[in-house]
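Trainee: This is the structure I have questions about; it appears just below.
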């Protein structure tokens, strides 16, 4: 017996049971029948036609007016049937797209993966969470043979797969510039030329690049229009803006970038972030940088990884666990 014959028989049983008993069991059987029909791609007009034939077999003397009314209902449901089939087709395509995005997301994590370096004088914490499956933020650490640590944090102005592909290009362009690694301004100037030549004119990238010299405890950095971070000075228990001016990557291939320096003492912290951190919204609107400073101050006695985790959890909770933008927060602390 094929599915259509089985469906006729099963539907007759459901109708007979309900007409005789009119209980909840029949309604439950009807719901199961509906789910099974959807699973086998039975259209709404087919269900109406089946209902008409079963009723006619059970009640041959049914009034003609009632019988003919099913013809009108059948015509009405044809339109619903077209919509249903289109909906099913879109669901299938959406599932295929979701599967492809999952593969791309896993590939992005593999391609853009980085390891937080272990340096005796430093303690480093980082958290990066995408608002959607694909991350438009990117951060990367490189530790050289002298235990100097390079750190990059970038944000593509855009979302989704194009932004992720752009970040992959940036990562491999960075890896091809080892001779400039200790010169943040030279790194940004080189990356700027790569972006200007290879990225769509509508897509720009903000980026902060810094190098921590662990022998001299000197932090050198440059910025290409990126969200300013903070510098925490332990001796005064004060936070300062880590200001650095520079044009976004990809705007002008001849752009030059200024290099800045900070002397880092024991207990000082370098705090880097994407705009997804400062653009978190509470019920009262966007949080202010002062609010973020207070939040970091609340946990500044903890190790950096615990600080960034706690700050992220607090801001996520503030947004009812729905990130509106990619979130990246990095803290580098001198511990000796």
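The values are calculated or read from the model by the stated rules, or taken from the named source; none is laboratory data. Just so we're clear, the structure is a prediction, and the values are computed from it rather than from any experiment. Positions of Cβ are backbone-derived with ideal geometry, glycine not excepted, and every protein chain shown enters the neighbour counts.
Trainee: Determine, yes or no, whether residue 78 is touching a helix residue (DSSP H, G or I) at 6+ places or on another chain (Cβ under 7 Å), assigned by TED's automatic domain parsing to the domain that holds residue 16 and not in a helix (DSSP H, G or I).
Mentor: Judged against the criteria, residue 78 is not a match.
Trainee: Determine the pairs where a residue that is at positive phi, located within region 256-276, has a partner that is surrounded by 17 or more Cβ atoms within 10 Å (Cβ to Cβ) with Cβ atoms under 7 Å apart, the partner being 6 or more residues away or on another chain.
Mentor: Once the first residue is at positive phi and sits in region 256-276, its partners that are surrounded by 17 or more Cβ atoms within 10 Å (Cβ to Cβ) give 267/334.
Trainee: State which residue pairs qualify: first residue over 21 Å from residue 136 (Cβ atoms) and inside region 86-110, second residue surrounded by 11 or more Cβ atoms within 10 Å (Cβ to Cβ) and at pLDDT 75 or above in any location, beta carbons under 9 Å apart, and separation of 6 or more residues or different chains.
Mentor: As it stands, the answer is 88/38, since those pairs meet every condition given.
Trainee: Do the conditions hold for residue 319, that is, is it assigned by TED's automatic domain parsing to the domain that holds residue 149 and out of contact with any helix residue (DSSP H, G or I) (no Cβ under 7 Å at 6 or more places or on another chain)?
Mentor: Yes: the conditions hold for residue 319.
Trainee: Would you mind telling me which numbered condition in (1) without any contact (Cβ under 8 Å) to a residue 12 or more places away in the chain; (2) assigned to a helix (DSSP H, G or I) residue 48 fails?
Mentor: Looking at each condition in turn, residue 48 falls short on (1).
Trainee: Next question. Checking the conditions here, which among 167, 107, 174 is modelled with pLDDT under 80, assigned to a helix (DSSP H, G or I), under 20 Å from the mean Cα position of the chain (by Cα) and more than 27 Å from residue 315 (Cβ to Cβ)?
Mentor: Step by step, each of 167, 107, 174 is checked, and only 107 is modelled with pLDDT under 80, assigned to a helix (DSSP H, G or I), under 20 Å from the mean Cα position of the chain (by Cα) and more than 27 Å from residue 315 (Cβ to Cβ).
Trainee: Kindly indicate the residue of region 177-189 that is in contact with a helix residue (DSSP H, G or I) (Cβ under 8 Å, 6 or more places away or on another chain) and modelled with pLDDT of 75 or more and also surrounded by the most Cβ atoms within 10 Å (Cβ to Cβ) among those meeting that condition.
Mentor: Step by step, filter region 177-189, then rank; the result is 187.
Trainee: Would you say residue 290 is more than 17 Å from residue 121 (Cα to Cα) and assigned to a strand (DSSP E or B)?
Mentor: When the stated conditions are applied, residue 290 does not pass them.
Trainee: Let me ask something else about it. Does residue 298 qualify as being farther than 27 Å from residue 120 by Cα and not in a strand (DSSP E or B)?
Mentor: no
Trainee: Exactly one condition in (1) closer than 26 Å to residue 273 by Cα; (2) outside any loop (DSSP other than H, G, I, E, B); (3) at pLDDT 85 or above is false for residue 54; which is it?
Mentor: Condition not satisfied by residue 54: (1).
Trainee: Let me ask you something else. Among the strands (runs of 3 or more DSSP E) contained in region 202-267, which hold 2 or more residues that are crowded, with 20+ Cβ neighbours inside 10 Å?
Mentor: Because the criterion is at least 2 residues that are crowded, with 20+ Cβ neighbours inside 10 Å, the strands (runs of 3 or more DSSP E) in region 202-267 that meet it are 205-213, 218-224, 229-233, 238-242.
Trainee: Can you find even one residue in region 118-128 that is in contact with a helix residue (DSSP H, G or I) (Cβ under 8 Å, 6 or more places away or on another chain), at pLDDT below 90 and not in a loop (DSSP other than H, G, I, E, B)? Lay out the reasoning, then the answer.
Mentor: Keep residues of region 118-128 that are in contact with a helix residue (DSSP H, G or I) (Cβ under 8 Å, 6 or more places away or on another chain), which gives 123-127.
Subset that is at pLDDT below 90: none.
Checked against the condition, which is being in contact with a helix residue (DSSP H, G or I) (Cβ under 8 Å, 6 or more places away or on another chain), at pLDDT below 90 and not in a loop (DSSP other than H, G, I, E, B), region 118-128 yields no hits at all.
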